[in-house]
Amino acid sequence: MNIVEQVERDLPAALKAQEALKLSVLRMMKAALKNKQIELGKPLADTEAVAVLRTLVKQRQESVEAFRHGRRLDLAEKEEAEIKIVESYLPAAASDEEVDAAVATAIAETGAAGPKDLGKVMKVAMAKLAGKNVDGKRVNERVRAKLGA
């Protein structure tokens with residue numbers, strides 16, 4: 001069962017169980033997935049759905065930082081709870097070993113020699129990690145460390 005089907009199946013269950021937060025998050029996820037589907041004009045593949053959900057997580061993380069900076073801990077905690085729900089629909093995070101292997105392979109394939117090749121290496125490394133839940137910032141840090149940037 002793909003992610004879109006899973007979200008649509010869990011929505012009525014959350015409604016029946018009267019889980020207000022989960023219901024709200026599922027509705028938000030369904031809307032975001034539907035908007036992307038309309039934008040693309042075709043049903044979403046799992047990799048596209050993962051990208052949409054990763055975007056939602058990133059938006060919530062930025063909100064958490066803003067709320068903490070503004071001393072609104074109640075709203076920050078709500079956003080963190082939403083992040084946990086969205087992340088439960090994402091595939092398992094890529095391990096450090098997988099990230100390192102993808103970065104090493106990308107460097108070898110592109111023949112990268114220094115920091116100026118960061119973009120090329122990032123593009124190849126992220127393509128190798130497609131379909132896995134991996135933060136681009138984490139990959140970028142690994143690439144910079146290997147290239148001496």
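Coordinate-derived values only; no laboratory data. Just so it is clear, the model here is predicted, and its values are computed rather than measured. FYI the Cβ positions are ideal-geometry reconstructions off the backbone, even for glycines, and counts take in every protein chain you see.
Listed values, structure above:
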item: Residue within region 24-39 that is touching a helix residue (DSSP H, G or I) at 6+ places or on another chain (Cβ under 6 Å), within 23 Å of K132 (Cα to Cα) and not hydrophobic (A, V, I, L, M, F, W, C) present; result: yes
item: Every residue from region 108-149 that is closer than 27 Å to D46 by Cα, among the hydrophobic types (A, V, I, L, M, F, W, C) and out of contact with any Ser or Thr (no Cβ under 7 Å at 6 or more places or on another chain); result: M122, A125, M126, A127, L129, V134, V139, V143
item: Residues located in region 1-25, provided they are aliphatic (A, V, I, L, M) and farther than 27 Å from R138 by Cβ; result: M1, L11, A13, A14, L15, A17, A20, L21, L23
item: Enumeration of residues in region 69-90 that are free of Cβ contacts under 8 Å to residues at least 12 places away in the same chain, charged (D, E, K, R) and closer than 19 Å to D135 by Cβ; result: K84
item: Boolean, V25 is touching a strand residue (DSSP E or B) at 6+ places or on another chain (Cβ under 8 Å), in contact (Cβ under 8 Å) with a residue 24 or more places away in the chain and surrounded by 17 or more Cβ atoms within 10 Å (Cβ to Cβ); result: no
